[in-house]
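None of the figures in this text is laboratory data; all of them are computed from the coordinates on show. Every value quoted in this text rests on a predicted model; they were computed, and no experiment measured them. Cβ coordinates were reconstructed from backbone atoms using ideal geometry, including for glycine residues, and neighbour counts include every protein chain displayed.
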Amino acid sequence: MQSKSFSLNINNKIEPFKKSIKVDSDKSLSIRSFLIGSICQNISLAKNVLESEDVFSTITCLRKLGVQIKKIKSKSYLIYGKGLGSLHAKKNLKLNFGNSGTLARLLIGILSTTPDIEVKMQGDNSLNKRSMKKLIELMSEFGAEFIPKNKFNFPLKLVSTEMPIGIKYKAGVSAQLKSAVILAGLNSYGTSEIVEEEKSRDHSENLLSQNKNVIKIKKGKKRIITISGKKQLKPIKINIPGDPSSAAFFTALTLLNKNSFLEIKNVGLNPTRIGFYQLLKTHGANIKFFNIRKLNNETIGNIKIKSGKLKKPILASKNFYTKTTDEFPILFCIAALNKGISKFRGIEDLANKESNRIKEMQKILKQIGIKSISKKNEIKIFGKNLIENKNKQINVPNLGDHRICMSSTILSLVTGIKAKINNFETVKTSSPNFLNIIKYLGAKFEIKK
């Protein structure tokens with residue numbers, strides 16, 4: 001269910017703070033837990049689930065496909081697995097993915113090789129604009145059909161294949177496409193092979209890792225994932241950590257706000273998700289991980305952040321993209337407020353997110369007096385140590401992009417430049433407690449409905 005639209009107005013700079021927080025649970029893991037749990041045998045348990053709109057969209061879609069999901073207490077759910085190939089679509093069934101590209105791509109992966117599936121699919125206005133061309137091409141290799149032909153964005157109709165055969169896929173930077181192939185391969189005949197030259201986030205593999213006869217991973221210069229299809233999956237049991245992407249915004253707020261300190265507890269520190277932190281640490285940011293441990297094949301720990309300037313402009317090679325996918329808008333803000341020319345390469349996929357995040361962030365930086373130059377796959381940001389905040393305002397239009405909304409909020413709070421951020425309800429797709437947390441840290445804002 002979509003939230004009512006509202007805008008956020010900010011008129012004041014945030015004061016220094018010394019606090020400890022927990023952030024919203026990991027969205028990627030929450031969505032994957034429900035999807036994979038639904039095709040396992042028996043009952044799976046997911047604790048500390050992110051109760052956001054993207055996750056509620058996931059639950060709604062699965063229930064429409066016949067999966068029983070029971071909430072047993074706050075943030076804890078039982079998923080009654082139906083086994084591989086057992087999801088069922090009633091005649092003229094419509095699935096709405098809301099704002100979630102993760103849900104769309106991964107569930108289409110499952111449904112493409114599930115027999116007797118014929119469903120109409122759509123998303124919200126933002127998701128409907130995003131290209132699904134690569135996904136459609138991959139699922140067509142398995143034998144699925146998408147109607148109308150040669151249309152690559154929602155709404156679409158999916159007709160599953162009755163005789164799915166495993167494929168070989170040379171993976172790019174998208175973990176969602178990789179996961180879609182893994183999930184489609186689970187119910188295909190033979191084996192599916194995914195070859196990764198650059199490792200992307202691996203939550204799907206981690207959730208399936210207890211099934212040694214189903215998934216095998218060969219590590220080396222290239223990472224080769226082999227999926228053996230048509231084999232039963234064991235139920236999962238997971239306690240989901242805090243989302244490192246959500247934590248990134250509070251990390252930035254602390255770094256950029258003089259005389260501030262923050263501890264963020266129980267955050268997922270999966271090596272494929274911490275490029276944002278690694279990049280900033282190598283450029284002199286005071287960020288420390290501690291109390292690091294393993295739980296359900298995922299690395300978890302606490303983060304301590306102290307405010308301070310970076311020692312040099314940010315230089316991010318294309319190798320950082322897969323580990324930093326969701327954090328580029330807030331990285332652009334940090335670059336803007338540190339003196340020198342920062343460069344980010346290999347970022348062309350940012351143009352196909354909830355908005356074109358390169359162009360939209362350039363517009364926002366221009367509003368505060370920061371010059372930037374972009375090409376298809378890179379951006380240069382000409383950062384300044386001090387920014388005059390008089391006679392300036394950050395205006396964010398109705399983009400439907402939660403990361404742009406959150407980044408603009410942080411930018412306003414640390415510079416004191418007034419902001420009006422429209423469509424702010426979209427933040428609830430990934431971080432429903434974002435406003436509660438910044439309020440706890442001392443931010444003042446006004447909600448306009």
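Key figures
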item: Cα gyration tensor shape for segment 301-449, rounded if a/c is under 1.5, else prolate or oblate; result: rounded
item: Local electrostatic count at residue 66 - Lys and Arg +1, Asp and Glu -1, tallied over other residues with Cβ under 11 Å; result: +4
item: Residue 348-residue 297 FRET efficiency (beta carbon distance; Förster radius 45 Å; 0.05 resolution); result: 0.90
item: Rounded tilt (10° steps) of 175-186 against the dominant C-alpha axis of the chain; result: 10 degrees
item: Dipole-positive endmost among 74, 113, 34 within segment 27-239 (Cβ charges, Cα centre); result: 74
item: Cα→Cβ-extended label distance, 7 Å offset, between residue 149 and residue 189, nm; result: 2.4 nm
item: Label point distance in nm, residue 398-residue 341, each placed 7 Å from Cα along Cα→Cβ; result: 3.9 nm
item: By average C-beta atoms within 10 angstrom, highest first, the peptides 124-135, 28-39; result: 28-39, 124-135
item: Overall form of segment 260-314 per C-alpha gyration tensor (a/c, 1.5; a/b vs b/c); result: oblate
item: Under 21 Å from residue 18, Cα to Cα: lysines that are on another chain or at least 8 residues apart; result: 258, 265, 281, 288, 304, 306, 309, 439, 444
item: Overall form of segment 27-239 per C-alpha gyration tensor (a/c, 1.5; a/b vs b/c); result: rounded
item: Degrees separating the helix 402-415 axis from the principal Cα axis of the chain, which is the longest one; result: 10 degrees
item: Linear extension gain, residue 93 paired with residue 162, 0.36 nm per residue minus alpha-carbon span; result: 23.0 nm
item: Under 10 Å, Cβ to Cβ, from residue 343 - net charge with Lys/Arg +1 and Asp/Glu -1; result: +1
item: Centre separation in Å (Cα based) which lies between segment 365-380 and segment 71-136; result: 36 Å
item: Cα long-axis angle, helix 53-64 against the chain (0 to 90 degrees, to the nearest 10); result: 10 degrees
